Amino acid sequence: MANYYNEKTILYLNGTFVKASEAKMDMYSQSFHYGYSVFEGIRSYKTVQGETKIFKAEAHFERLKASAQALNLPYAYATDELIAATYEVLKRNHFQDAYIRPVVYAPANMSFGLNSQSFIVIEAWEMAPFLGDALLRIMTSSFQRPNPKGFKIHAKAAGHYVNSILASQEAKSLGYDEALLLDMNDKVAEAPGANVFFEKEGTLFTPTTGNILPGITRATVLELCNELNIPVREKIFSKEEMYGADAAFFCGTAAEVIGLASLDDKPFTMAWENTVSKLIQDTYKKLIVENKQELVNEISGVE
Ligand code: PMP
């Protein structure tokens, strides 16, 4: 288990900076009892210039706001203030490469009714960029993603993650690295905490939005494809269409871009080094530490 905090760790709680070990949360919170909160997963990186940069900070805090609104949680926070507070958390903890976890949660309320206020915490812990090239062996989960007619599936709501936990634990208990979940129509949706792409004859495919969390990394990959002239299509597809594809990868803030070895023991067939998926992985790795768009243009000019 990662070491999330120690006696010295500072977090941001409702406008103040406090020690993580002294921060308190209401045990009667509607969020604690019913999984009724929203959150973000963000990364900061030490750039090549040596500065600390939060990657896509605005997009993440705007999604936090949209998630809160989707769940009817009051949201009285300004994105620029939260970004400034996050940089302050990083500074006070002396973090550069970190994972940042804001959570918006409800007050004491055992009913299912609306709240007149909400609270916010921003936690961070050190997390090195993903360096490994190891490819994951994944399996189709016996759990489907939550039905969008039952949940606001585009929101990053805590309660949805019971589904992610069940799927991931099942895959690991059966000897796989991770799960791939289908949607309620048995079409490919996403991983427990990442989006998915596959590659065939130089074209990338990813599920359409609607039944998935529209990932910020997924959007970045779509932008990179555009910059690098890699054909990419958002479409609805079955797991059978993915079987034996040239390559595939998961992408998300924590996972970054990580290649897949096989789905349900059916290997992806091209050598990872020769795929456009690998080019996307490399370009993403450079982008996060440069944190500037010019780099993408630079790379597209290089063979
Ligand atoms: N799908 C799910 C279910 C996730 O939890 C995540 C991680 N937030 C993603 C996709 C990827 O989203 P992002 O690229 O914004 O981190």
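Evaluated against (1) within 16 Å of the ligand (Cβ to nearest atom); (2) open to solvent by 30 Å² or more (accessible area, probe 1.4 Å); (3) of a type in the set (V, I, T), I236 falls short on exactly one condition, (1).
For segment 144-174, name all the residues that are open to solvent by 70 Å² or more (accessible area, probe 1.4 Å) and over 30 Å from A85 (Cα atoms).
Listed by number, the residues that qualify are Q144, K149, F151, L166, Q169, K172, S173, L174.
In this structure, F130 does not qualify as within 22 Å of R43 (Cβ to Cβ), buried (at least 22 other Cβ atoms within 10 Å of the Cβ), more than 11 Å from the ligand (Cβ to nearest atom) and not acidic (D, E). Of the residues making up segment 209-239, those that are within 23 Å of A254 (Cβ to Cβ) and of a type in the set (V, I, T) are T209, I212, I216, T217, T220, V221, V232.
Is it true that K46 is assigned by TED's automatic domain parsing to the domain that holds F119, open to solvent by 80 Å² or more (accessible area, probe 1.4 Å), away from the ligand (no atom under 16 Å from the Cβ) and under 16 Å from A254 (Cα atoms)? So K46 passes the test.
Checked against the criterion of being free of Cβ contacts under 8 Å to residues at least 40 places away in the same chain and within 16 Å of the ligand (Cβ to nearest atom), segment 133-144 contains one or more residues that satisfy it. A single member of A98, A59, A68 is under 20 Å from the mean Cα position of the chain (by Cα), of a type in the set (A, V, I, L, M, F, W, C) and surrounded by fewer than 19 Cβ atoms within 10 Å (Cβ to Cβ), and it is A59. Filtering L222, L260, L213 for residues that are open to solvent by less than 10 Å² (accessible area, probe 1.4 Å) and within 28 Å of Y161 (Cβ to Cβ) leaves a single hit, L260. Would you be able to say whether some residue in segment 186-200 is open to solvent by 30 Å² or more (accessible area, probe 1.4 Å), free of Cβ contacts under 8 Å to residues at least 12 places away in the same chain and over 18 Å from V221 (Cβ atoms)? Scanning segment 186-200, I find no residue that is open to solvent by 30 Å² or more (accessible area, probe 1.4 Å), free of Cβ contacts under 8 Å to residues at least 12 places away in the same chain and over 18 Å from V221 (Cβ atoms), so the answer is no.
The values are calculated or read from the model by the stated rules, or taken from the named source; none is laboratory data. Just so it is clear, the structure is predicted and the values come from calculations on it, not from any experiment. Methodologically, a virtual Cβ is constructed for each residue, glycine included, from the backbone with ideal geometry; neighbour enumeration extends over all protein chains shown. To get the accessible areas, we keep the full protein, side chains included, count just its heavy atoms, and leave off ligands, DNA and RNA. Shrake-Rupley method; radii C 1.70, N 1.55, O 1.52, S 1.80 Å.
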